[in-house]
Amino acid sequence: MRAALGMTLVIATRGIDISVGAVVALSGTVSAMLIGGSTPETPMALALAAALGVALLCGLWNGVLVAGIKLQPIVATLILMVAGRGLAQLLTDGQIVTVYYEPFFFLGSGYLAGLPFSLFVVAAVFAATLLLVKKTALGLFIQAVGINPVAARLAGLRTATLITFVYVFCSACAGLAGMLITSNIKSADANNAGLLLELDAILAVTLGGTSLAGGKFSLVGSVIGALIIQTLTSTIYSLGVPPEVNMVVKSIVVFAVCI
């Protein structure tokens, strides 16, 4: 769901980000390696800030390639999709890094007022994003860039800055997701963490009604789309159906909704 929020704004500008899964793996790896064992090698706040900083740098890299060098979004983010996960694997030597620091586990598996703490994190990100695009001119600017970037630039909008921002925001959401996933499973798996997550994010955004042609987007719709996908996944697993069937069911649902 966190990745879907960031992906919504990227797609709204006619872009795409297929490096989300790699950013999840990289940020999770950085946070796990810095925190380390039961006694953290780095203060947890600093470790989380460093992991988020890495995610922001990844987003800035994508934004510069797309808005500055004018690479096609799918090509620009494909570079990070491969390099980001490769870097995470290099940092861990392809091994799973286990975390033993109890306070870190609260982020992904703790409870607050009887509800998962991660739910409050998602709600906070969603509320802040919704407030930003609805109560400021940012939402209108993103729509303008998505509908016609040339006209938006001629109208005085800093299209390159806006495009860079949405990629940075998308990577920040992915970085946050990576830290929560690492906290939940108490380890960082650079090989599998966030694998194909970008596809789920794109599916959620599509189901939510955001136009792949740019301009039209819905954050609420993306959240609903993410909930639908997660419900499908959980239902399939609870019924004991082989995981391989999951992708087939998702594709059928998306096809039916689009038709």
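Just one of Val245, Val253 is surrounded by 15 or more Cβ atoms within 10 Å (Cβ to Cβ), modelled with pLDDT under 85 and on the phi < 0 side of the Ramachandran plot; which is it? Let's see the steps before the verdict.
Details: Val245 fails: surrounded by 15 or more Cβ atoms within 10 Å (Cβ to Cβ).
After applying the criteria, what remains is Val253.
When Gly214 is evaluated against the numbered criteria (1) at positive phi; (2) assigned to a helix (DSSP H, G or I), which criterion, by number, is the only one it fails?
(2)
Can you give me the number of residues within region 1-14 that are open to solvent by 10 Å² or more (accessible area, probe 1.4 Å) and either under 12 Å from Gly59 (Cα atoms) or polar (S, T, N, Q) (or both)? Steps first, answer last, please.
First, the residues of region 1-14 that are open to solvent by 10 Å² or more (accessible area, probe 1.4 Å): 1-2, 13-14.
Keeping just the survivors that are either under 12 Å from Gly59 (Cα atoms) or polar (S, T, N, Q) (or both) gives 13.
Count: 1.
For the subset of region 139-158 comprising residues that are surrounded by fewer than 20 Cβ atoms within 10 Å (Cβ to Cβ) and not aliphatic (A, V, I, L, M), which member is farthest from Leu5 (Cα to Cα)?
Ranking the candidates gives Gly156 first.
I'd like the full set of residues that are polar (S, T, N, Q) and crowded, with 22+ Cβ neighbours inside 10 Å, limited to region 208-238.
First, the residues of region 208-238 that are polar (S, T, N, Q): 210-211, 218, 222, 230-231, 233-235, 238.
Hits for region 208-238 are Thr210, Ser222.
Any residue in region 226-255 that's under 27 Å from Phe126 (Cα atoms): show its pairings with residues that are small (Gly, Ala, Ser) and assigned to a helix (DSSP H, G or I) at Cβ separation under 8 Å, as long as the two are six or more apart or on different chains.
What qualifies is Ala226/Ala4; Ala226/Ala201; Ala226/Ala204; Ile228/Ala204; Ile229/Ala204.
Given the criteria crowded, with 23+ Cβ neighbours inside 10 Å, on the phi > 0 side of the Ramachandran plot, touching a helix residue (DSSP H, G or I) at 6+ places or on another chain (Cβ under 7 Å) and not in a helix (DSSP H, G or I), does Gly194 qualify? Step through it out loud before you land on a result.
Numbers: crowded, with 23+ Cβ neighbours inside 10 Å: yes; on the phi > 0 side of the Ramachandran plot: yes; touching a helix residue (DSSP H, G or I) at 6+ places or on another chain (Cβ under 7 Å): yes; not in a helix (DSSP H, G or I): yes.
For Gly194, the condition - crowded, with 23+ Cβ neighbours inside 10 Å, on the phi > 0 side of the Ramachandran plot, touching a helix residue (DSSP H, G or I) at 6+ places or on another chain (Cβ under 7 Å) and not in a helix (DSSP H, G or I) - is met.
Show the residue pairs that are 6+ apart or on different chains and have beta-carbon atoms under 7 Å apart, the first residue being within region 173-186 and more than 21 Å from Ser222 (Cβ to Cβ), the second being open to solvent by 10 Å² or more (accessible area, probe 1.4 Å) and outside any helix (DSSP H, G or I).
Lys186/Thr98
Show the residue pairs that are 6+ apart or on different chains and have beta-carbon atoms under 8 Å apart, the first residue being within region 6-35 and at positive phi, the second being assigned to a helix (DSSP H, G or I) and surrounded by fewer than 24 Cβ atoms within 10 Å (Cβ to Cβ).
The qualifying pairs are Arg14/Pro73; Arg14/Pro149.
Among the aliphatic types (A, V, I, L, M) and touching a Gly at 6+ places or on another chain (Cβ under 9 Å), is that true of Ala190? Walk me through it before giving the result.
On the way: among the aliphatic types (A, V, I, L, M): yes; touching a Gly at 6+ places or on another chain (Cβ under 9 Å): yes.
Judged against the criteria, Ala190 is a match.
The values are calculated or read from the model by the stated rules, or taken from the named source; none is laboratory data. Because the structure is a prediction, the values reported are computed rather than measured. All Cβ positions, even for glycine, are placed from backbone atoms using ideal geometry, and neighbour counts span all protein chains on display. Side chains are part of the model used for accessible areas, which takes the heavy atoms of the whole protein and leaves out ligands, DNA and RNA. Shrake-Rupley method; radii C 1.70, N 1.55, O 1.52, S 1.80 Å.
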